[in-house]
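So the structure is just underneath, and the comments pick up after that.
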Amino acid sequence: MHGSFFSSVLSEKNHLTEDQMYDLIHLLEIKNPEAEYLNISLSYFRSGSSNRRKELKEQLAKIRKEVLKTENHLKVHVPDQAEDYFMEYYSDPYFKIIHVLLQIKEYRKKPVLMAAKLFLEKEKLEFYVKKLQDFGFIIHKTDGIEVLKQNYHLPKESPICLPHQVTLKNLSQSKLMTLSSDKHKSICVTFSGNKSTYSLIQSQFLKFLKDAEKEVIEAEEHNEVFQLNFDLFYWT
């Protein structure tokens, strides 16, 4: 490809041919869904049919939506909504919190220690732990508890996703009120922008999540449990 032609492509004065796009994708070793997105984009810009351009635009939006799903950026398991435990586990945020707390050796050895941390009566804590075993997430052994399943992520398409997030955030706010300033970092920002601003911040946060996941996985020792909430939404 001649340099002057490539410059005109970058300045949107010309478009690549399908063969040139094919060669470029293979040269740069671009994989799906990015490769698919580039091919559809080329068809969109070269098409003279308004109806076809509308369909191609919808396909591009569908790919962008799929790429921005959290579960596509993290090493998580998506739960089967047909499982018996599904509704009960996600309707009460304590199940999730206790499930994660049990990934710490101290609490696996002596679960009762979680009661004071969560301001729960001993009997109530025992209820949650027994339920987690009934769900198949943990098992009791002679030397403590073993966690069988972890890293579950509820997809936003699930009808229970938003209620689960709201109840977990409400419980998080209650916990925040009990913490000293050196044990939490809270930021609340209201700002103006446009749809591109929204998409850019969302993609940057997903990159942050992926980087943070790496730090969590590579941590030499897990002896604390933290909460991270992120909200990005339209006021208008």
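The values are calculated or read from the model by the stated rules, or taken from the named source; none is laboratory data. Nothing here was measured: the structure is a model prediction, and the numbers come from that model. We place every Cβ from the backbone using ideal geometry, glycine too, and count neighbours over all the protein chains shown.
Data for the structure
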quantity: Tabulated pairs, the stretch 159-182, first closer than 17 Å to K117 by Cα, second modelled with pLDDT of 90 or more, C-beta under 6 angstrom, 6+ apart or interchain; calculated: L168/P93; L171/P93; S172/Q227; L176/H184
quantity: In the stretch 160-196, residue surrounded by the most Cβ atoms within 10 Å (Cβ to Cβ) [restricted to those that are under 25 Å from F86 (Cβ atoms) and among the β-branched types (V, I, T)]; calculated: T167
quantity: Unique residue being modelled with pLDDT under 80 and outside the structural domain of A115 (by TED's automatic domain parsing) when the list is S47, S11; calculated: S11
quantity: So L132, is it outside any loop (DSSP other than H, G, I, E, B), more than 19 Å from N229 (Cα to Cα) and under 26 Å from the mean Cα position of the chain (by Cα); calculated: yes
quantity: From the options P163, P159, residue that is out of contact with any Pro (no Cβ under 9 Å at 6 or more places or on another chain) and assigned to a helix (DSSP H, G or I); calculated: P163
quantity: Of all residues in the stretch 145-156 being outside any loop (DSSP other than H, G, I, E, B) and touching a Pro at 6+ places or on another chain (Cβ under 8 Å), the one that is surrounded by the most Cβ atoms within 10 Å (Cβ to Cβ); calculated: I145
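A quick yes/no check of all residues on (1) touching a residue at least 60 places away in the same chain (Cβ under 8 Å); (2) more than 18 Å from the chain's Cα centre (by Cα):
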residue	(1), (2)
Y85	no, yes
S91	yes, yes
I104	yes, yes
K117	no, yes
E126	no, yes
I139	no, yes
L148	no, yes
Y152	yes, no
